[in-house]
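Below you'll find the structure, written out as structure tokens, and then a few comments.
FYI, it's all coordinate maths here, none of it is from the lab. The shown structure was predicted, so the numbers you read here are calculated from the model rather than taken from an experiment. Neighbour counts are summed over all protein chains in view; Cβ atoms, including those assigned to glycine, are modelled from backbone coordinates with ideal geometry.
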Amino acid sequence: MKRIGLGALLLAWLYGVPFLLIVGLVRRTSSPSIATHAAARAFGSTTGTILTAALVLNLALPVAGVLLARLARDQYWTRHFVWSLAGMVLIYFAVAIVGSAATGPLIGWTPANQEPAPYGGTQCIPISGGRGCPGG
């Protein structure tokens, strides 16, 4: 049973963390057509949460795997999780490179406000056919 649990933990790190990072980075680089500022802030907040969760899980899953494999005295899974610590560092380097190449911060960024400018309606344009502007 311990092998299944440790295997599931390794697969969660191996496939789950990159999936969350890819989803977060795709959301970060997309320009959604959001009408209101509140919706844009919610979109940016969700994107930041996804990226933060991916980075926290990138640290937590390999460390927890090493600890659990050592407690279970399983050398096979201990070796796998020690190698996943090296992969964890590589993922952090990749995110740092992407973050340095980005035009804005990866986490805490809000898309631009897409609300249309309000129509002033202060200028009257006369229409032919006898209807002029009110008041002259």
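Some points to look at:
- Here the Kirkwood formula puts the hydrodynamic radius of the range 27-81 at 13.8 Å, using every distinct Cα pair.
- Using θ = phi - 60° in the Karplus curve 6.51 cos²θ - 1.76 cosθ + 1.60, the 3J(HN,Hα) couplings for the range 71-81 round to 5, 7, 6, 10, 5, 4, 6, 4, 4, 4, 6 Hz; x is entered for Gly and Pro.
- For the range 33-111, applying the loop criterion from DSSP together with a ceiling of 11 other beta carbons within 10 Å to the trypsin sites (Lys or Arg not before Pro) yields R73.
- Cα centre as origin, Lys/Arg/Asp/Glu Cβ charges: the range 2-101 dipole, Debye: 180
- Spatial offset of the range 54-108 relative to the range 1-37 amounts to 13 Å, using the alpha carbon center of each.
- As a ratio to 2.2 N^0.38 Å, the alpha-carbon radius of gyration for the range 2-101 is 1.30.
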